[in-house]
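Worksheet: one structure, shown below.
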């Protein structure tokens with residue numbers, strides 16, 4: 001059974017027993033979570049913290065999304081590794097910096113790139129399907145016209161602060177970025193015409209519309225960006241305790257080999273709905 005609490009400015013959820021991926025009730029939050037974990041290894045307690053943009057916290061946010069999948073997949077890995085854990089929510093940009101600096105910290109979904117390679121231990125890909133990201137506008141904004149990334153530079157683009165698309169567009173030299181703390185803020189600014197585009201993933205936009213009660217029929221994806229992005233990885237701080245790292249890595253590899261990741265994904269998202277995004281040939 002799960003119980004939630006609020007302490008020292010943080011929301012936590014505790015579980016009194018392991019939760020199987022078949023029987024566990026789906027829960028989803030919105031964005032930006034930390035997962036605090038205590039792992040007894042060789043008679044010692046190692047405080048381990050994992051962070052993510054995607055996880056579930058409450059029954060009220062019960063949706064079948066990549067976020068709920070990644071939360072349960074992470075739970076399954078930790079259960080196999082014999083790890084006990086709590087869930088705690090923190091801002092995403094702060095989470096990234098903490099994983100860079102804190103030993104035994106994990107990031108549940110991190111974009112893997114050459115410049116980040118040496119900064120983390122890379123456990124494996126969290127989601128077993130390709131992820132694509134687009135610039136998305138309101139359909140009725142006939143004044144907007146872009147054909148490639150360079151033509152989008154003059155426009156105001158909403159991004160979630162510190163996420164992979166924010167960092168990508170910064171690296172590409174974009175100056176008119178409008179970072180916010182959550183994707184919910186982003187889409188609300190879009191419908192109010194306070195920004196011209198949002199940068200978001202094809203598998204995440206429908207759950208975002210549901211959470212904000214904004215109709216996806218108002219939206220139009222126009223340009224795929226960051227094609228090098230292949231999906232988020234479970235990554236660990238470079239100074240993570242070797243015993244902790246081995247336990248998590250072994251559990252991840254065993255479960256993937258058993259087909260548990262694909263089985264879990266198909267149970268949670270058998271008919272994942274996506275927007276009719278433009279094809280590569282368009």
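Can you compute the label reach from residue 188? Point 7 Å from Cα along the Cβ direction, backbone N cut-off under 20 Å, restricted to the stretch 208-249. Flagged as within label range: 208-219. Here the extension length gained between residue 102 and residue 258 equals 53.0 nm, from 0.36 nm per residue of separation less the Cα-Cα distance.
Taking the beta-carbon count within 10 Å as an exposure proxy, list 224, 253, 115 from fewest neighbours to most. Mind dumping the intermediate values first?
Values: 224 18, 253 13, 115 8.
The fewest-first ordering by Cβ neighbours comes to 115, 253, 224.
For the stretch 133-225, the Kirkwood estimate of hydrodynamic radius, built from reciprocal distances between every pair of different alpha carbons, is 13.0 Å. Extending 7 Å from Cα along the Cβ direction at residue 181 and again at residue 210 yields two label points whose distance is 2.5 nm.
Going by neighbour counts of Cβ atoms within 10 Å, the residues 212, 240 line up, fewest first, as 212, 240. Remark: 220, 118, 246 ranked as 118, 246, 220, counting other beta-carbon atoms within 10 Å and listing the fewest first.
No lab work stands behind these numbers, since they all come straight from the coordinates. Quantities reported herein were computed from a predicted structural model and do not represent experimental measurements. Virtual Cβ from ideal backbone geometry, glycine too; neighbours counted across all protein chains shown.
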